[in-house]
1. Name the residue that is farthest from V236 (Cα to Cα), counting only residues in the range 148-163 that are open to solvent by 10 Å² or more (accessible area, probe 1.4 Å) and in a loop (DSSP other than H, G, I, E, B).
2. When the range 230-261 is examined, which residues are found to be part of a helix (DSSP H, G or I) and within 23 Å of P183 (Cβ to Cβ)?
3. If you check D12, D77, D35, which single one turns out to be in contact with a strand residue (DSSP E or B) (Cβ under 8 Å, 6 or more places away or on another chain) and charged (D, E, K, R)?
4. In the range 217-234, is there at least one residue being open to solvent by 20 Å² or more (accessible area, probe 1.4 Å), modelled with pLDDT of 95 or more and of a type in the set (V, I, T)?
5. I want to confirm something. Restricting to the range 126-147 and keeping residues that are touching a strand residue (DSSP E or B) at 6+ places or on another chain (Cβ under 6 Å) and not in a helix (DSSP H, G or I), which single residue is surrounded by the fewest Cβ atoms within 10 Å (Cβ to Cβ)?
6. Inspect all residues belonging to the range 169-192 and state whether any of them is part of a helix (DSSP H, G or I), of a type outside the set (G, A, S), open to solvent by 20 Å² or more (accessible area, probe 1.4 Å) and farther than 18 Å from E231 by Cβ.
Amino acid sequence: MERPAWAPRGIDISVPSVSRIYDYYLGGSHNFEVDREAARRAMEFMPGLPRIMQANRAFMRRAVRFAAEEGVTQFLDIGSGIPTFGSVHEVARAVRPEARVVYVDHDPVAVAHTEAVLSGEEGVDVVAADLRKPQEILGSSVVRDLMDLNRPVALLLVAILHFVEDEDDPYAAVAELRDALAPGSLLVVTHASYEGIPLPPERAEGAVDVYKDIRNPLIMRSRDDIARFFEGYDMVEPGLVPMPKWRPDSAAEDEDPYSYSGFAGVGRTA
């Protein structure tokens, strides 16, 4: 397999990556054939996967805009993936030009491309780290230099928690991050669930099995289990809802049925 010029040295381009599969769903170009193959296999069971990812990105942008309009100027985006048009810093700075953003991902391709996109951009940077190790994120020189954790931060965990297995205790990781942030901070979450998918669960399970096969298990949690991530937060209206129903810009009935798969919400610390 020929290595594209943009692929960082040292990564195994024969192994699929969830961030590059996500990039493919969104119509991006920073993915390999092995990623596209895995995506197509998953789409055989759930053809609406690209629509789910588009709804996910649309929610993220609305939530970031909301946070900026509420006066938040610091954004910590964990599991940020490969940058696409309308990234967090672009949306936030359209409202708050002084906004500071730290992107975090453990995929070398995502980190390398974020570094390239941010070249020369003041007040925005990227950290190579894993959500399962919050202290590595909080203690990084980038976070220490760019963020004042005594002031509110918008913590984005968008389409990442469903890749953390229960044995790795994602609830503890989220709680540890919450406890490190100032009052008035926001938690922004999207999470996959069988609830809302316009397919029988056993068919949707076929797509879940594809992620299991590539050693990136997709954990489909119930709405109640997803709500547990917001312990210690007051939910912002309209609460934990399907993505198109969170402060939509357009009529919800215009959305593709697949867009209602999973849940999204924003919480605020007291």
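The values are calculated or read from the model by the stated rules, or taken from the named source; none is laboratory data. It should be emphasised that the depicted structure is a prediction, and the values quoted were computed from it without experimental measurement. Note that we place each Cβ from the backbone using ideal geometry, even for glycine, and neighbour counts take in every protein chain shown. For the accessible areas, the whole protein counts, side chains as well, though only heavy atoms, and no ligand, DNA or RNA atoms are used. Shrake-Rupley method; radii C 1.70, N 1.55, O 1.52, S 1.80 Å.
1. Going residue by residue through the range 148-163, those that are open to solvent by 10 Å² or more (accessible area, probe 1.4 Å) are 148-152, 158-160, 162-163.
Still in the list and also in a loop (DSSP other than H, G, I, E, B): 148-152, 159-160.
Values: D148: 23, L149: 21, N150: 21, R151: 19, P152: 15, A159: 19, I160: 20 Å.
If we take residues in the range 148-163 being open to solvent by 10 Å² or more (accessible area, probe 1.4 Å) and in a loop (DSSP other than H, G, I, E, B), then D148 is farthest from V236 (Cα to Cα).
2. Quick first cut of the range 230-261, residues part of a helix (DSSP H, G or I) only: 230, 243-245, 252-254, 257-260.
Of everything in the range 230-261, just one residue is part of a helix (DSSP H, G or I) and within 23 Å of P183 (Cβ to Cβ), namely F230.
3. Values: D12 fails: in contact with a strand residue (DSSP E or B) (Cβ under 8 Å, 6 or more places away or on another chain); D35 fails: in contact with a strand residue (DSSP E or B) (Cβ under 8 Å, 6 or more places away or on another chain).
Among D12, D77, D35, only D77 is in contact with a strand residue (DSSP E or B) (Cβ under 8 Å, 6 or more places away or on another chain) and charged (D, E, K, R).
4. Yes, that holds for at least one residue.
5. We begin by selecting, within the range 126-147, every residue touching a strand residue (DSSP E or B) at 6+ places or on another chain (Cβ under 6 Å); these are 126-127, 129, 131, 137, 140, 142-143, 146-147.
Still in the list and also not in a helix (DSSP H, G or I): 126-127, 129, 131, 140, 147.
Numbers: V126: 23, V127: 21, A129: 22, L131: 22, S140: 18, M147: 20.
Residue satisfying both the conditions and the ranking: S140.
6. Kept after step one, since they are part of a helix (DSSP H, G or I), are these residues of the range 169-192: 170-180.
Imposing the further condition that a residue be of a type outside the set (G, A, S) reduces the set to 170-171, 174, 176-179.
Next, only the ones that are open to solvent by 20 Å² or more (accessible area, probe 1.4 Å) stay: 171, 176, 178-179.
Now restrict to residues that are farther than 18 Å from E231 by Cβ: none.
So far as the range 169-192 goes, no, none of its residues is part of a helix (DSSP H, G or I), of a type outside the set (G, A, S), open to solvent by 20 Å² or more (accessible area, probe 1.4 Å) and farther than 18 Å from E231 by Cβ.
Per-residue answers, yes or no, for (1) surrounded by fewer than 19 Cβ atoms within 10 Å (Cβ to Cβ); (2) without any contact (Cβ under 8 Å) to a residue 12 or more places away in the chain; (3) within 13 Å of the chain's Cα centre (by Cα); (4) assigned to a helix (DSSP H, G or I):
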position	(1), (2), (3), (4)
A68	no, no, no, yes
I82	no, no, yes, no
G86	yes, no, no, no
A94	yes, no, no, yes
P97	yes, yes, no, no
Y103	no, no, yes, no
V111	no, no, no, yes
E115	yes, yes, no, yes
